[in-house]
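Heads up: the structure comes next, in structure tokens.
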Amino acid sequence: MKRLSRGIIIRLLLVLLVVALIFTGAGLYFFRLAVIPGKKSFLGSHTPLKRTSMVYRNRQWYRQAPKQHWLMQSASGHYRLDANYLPKAGSHKTAIILHGYMGNKNTMGEYAAMFHQLGYNTLLPDARAQGQSQGHYIGYGWPERYDVRRWVNRVIAHNGKKSQVVIFGVSMGGATTMMTSGLKLPQQVKAFVEDCGYTSVKDEIEHEAKQLYHLPAFPRFPLVEILSGINRIKVGYFMGDGSARQSLTHNRRPMLFIHGNRDTFVPTAMVYQNYRASKGPKALWVTKGVTHAKSFETYPREYRWHVEKFLAKYVH
């Protein structure tokens, strides 16, 4: 009987070991898929723009506009970060524009043109490990928030203490904007605009595991926890700690929230949680019939109107 019991225990331990190895292997696979830069098939392709559209014209303007090339060390000191700066003659207002997941500064040209038309200098950084910036891992905004604060200080050093800074971002850039809002920032930061950012890194990863791979609650929960642990070892934080929603509870500055009501990549429900969490003056615009990160493309004039109207109260 004792031998039988010992044999059963050994078999159970072997089964548990095999299961642990399988989950660890799956966690490493999804870590490479989600966090290491590279071509991501799940992002899909972009629809060609009509030459008559405002977005197309804005992108053309950005391509041709004179740019200054800025370099800076990351907050950790490990990476060289890259950015384009587009000055607006005589302006002390600057918009720092943050791109989305696997994007880069040049994918944000339409927003740079919009802010330039509104009288802003614009700074477009490449986030760590994306575009021309150095790095090994995509941080989903959590480590990048400290880099954004360094860019703020760079803008102030360049334009003087009378600078007024707005931080703007879309998708991962929107989440980074919200995460940055929870930091202690220079008084020159006057407002934020976020477009379709997620509540937390973990929330978004769990959503995508369900949405893209149709994983049920088990094995989804242990898999995400393992992925989060790997992320802690490699990137330096548990994914649950990378929370835009929690960061917003420390924000007292104005913020405009924008989100499409048909967003399934970052669920529209997330914007309501983020909006409620923010403690400063705020406004919410949920665009009708719009999928992920398509609000400006769908309603370019209305988008500019909402941004201009909101910022006019706080940036002069």
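Residues checked against (1) assigned to a loop (DSSP other than H, G, I, E, B); (2) touching a Pro at 6+ places or on another chain (Cβ under 7 Å):
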| site | (1), (2) |
| --- | --- |
| A26 | no, no |
| K39 | yes, no |
| V55 | no, yes |
| M72 | no, no |
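For A175, only one of the following conditions fails: (1) open to solvent by 10 Å² or more (accessible area, probe 1.4 Å); (2) in a helix (DSSP H, G or I); (3) not β-branched (V, I, T). What is its number? It fails just one condition, (1). What single numbered condition from (1) touching a helix residue (DSSP H, G or I) at 6+ places or on another chain (Cβ under 9 Å); (2) open to solvent by less than 30 Å² (accessible area, probe 1.4 Å); (3) over 20 Å from M179 (Cα atoms) fails to hold for V315? Of everything listed in (1) touching a helix residue (DSSP H, G or I) at 6+ places or on another chain (Cβ under 9 Å); (2) open to solvent by less than 30 Å² (accessible area, probe 1.4 Å); (3) over 20 Å from M179 (Cα atoms), V315 misses just condition (1).
Collect the residues in the stretch 106-123 that are closer than 19 Å to A312 by Cα and buried (at least 20 other Cβ atoms within 10 Å of the Cβ), keeping them in residue-number order.
So in the stretch 106-123, the residues closer than 19 Å to A312 by Cα come out as 111-122.
Correct list: Y111, A112, A113, M114, F115, H116, Y120, N121, T122.
Screening the candidates K309, K313 for the property of being modelled with pLDDT of 95 or more, part of a helix (DSSP H, G or I) and more than 21 Å from the chain's Cα centre (by Cα) yields one hit, K309.
Number of residues in the stretch 178-195 that are more than 18 Å from M114 (Cα to Cα) and either buried (at least 22 other Cβ atoms within 10 Å of the Cβ) or at pLDDT below 95 (or both) equals 5.
Taken over the stretch 134-168, the residue count meeting the criterion of being open to solvent by less than 10 Å² (accessible area, probe 1.4 Å) and either hydroxyl-bearing (S, T, Y) or without any contact (Cβ under 8 Å) to a residue 24 or more places away in the chain (or both) is 1. Test S228 against the criterion of being of a type in the set (S, T, N, Q), assigned to a helix (DSSP H, G or I) and closer than 30 Å to E308 by Cβ, and give yes or no. No: the conditions fail for S228.
Residues in the stretch 85-105 that are surrounded by fewer than 24 Cβ atoms within 10 Å (Cβ to Cβ) and of a type outside the set (D, E, K, R): Y85, L86, P87, A89, G90, S91, H92, Y101, M102, G103, N104. Taken together, the residues in the stretch 264-294 that are closer than 22 Å to V224 by Cα, assigned to a loop (DSSP other than H, G, I, E, B) and open to solvent by less than 60 Å² (accessible area, probe 1.4 Å) amount to 4.
Can you confirm whether L212 is in contact (Cβ under 8 Å) with a residue 24 or more places away in the chain, under 21 Å from the mean Cα position of the chain (by Cα) and surrounded by 18 or more Cβ atoms within 10 Å (Cβ to Cβ)? Spelling it out, it is not the case that L212 is in contact (Cβ under 8 Å) with a residue 24 or more places away in the chain, under 21 Å from the mean Cα position of the chain (by Cα) and surrounded by 18 or more Cβ atoms within 10 Å (Cβ to Cβ).
The values are calculated or read from the model by the stated rules, or taken from the named source; none is laboratory data. Just so it is clear, the structure is predicted and the values come from calculations on it, not from any experiment. As a convention, Cβ positions derive from the backbone with ideal geometry for all residues, glycine included, and neighbour counts pool all protein chains shown. All accessible areas refer to the heavy atoms of the entire protein, side chains included, with ligands and DNA or RNA removed. Shrake-Rupley method; radii C 1.70, N 1.55, O 1.52, S 1.80 Å.
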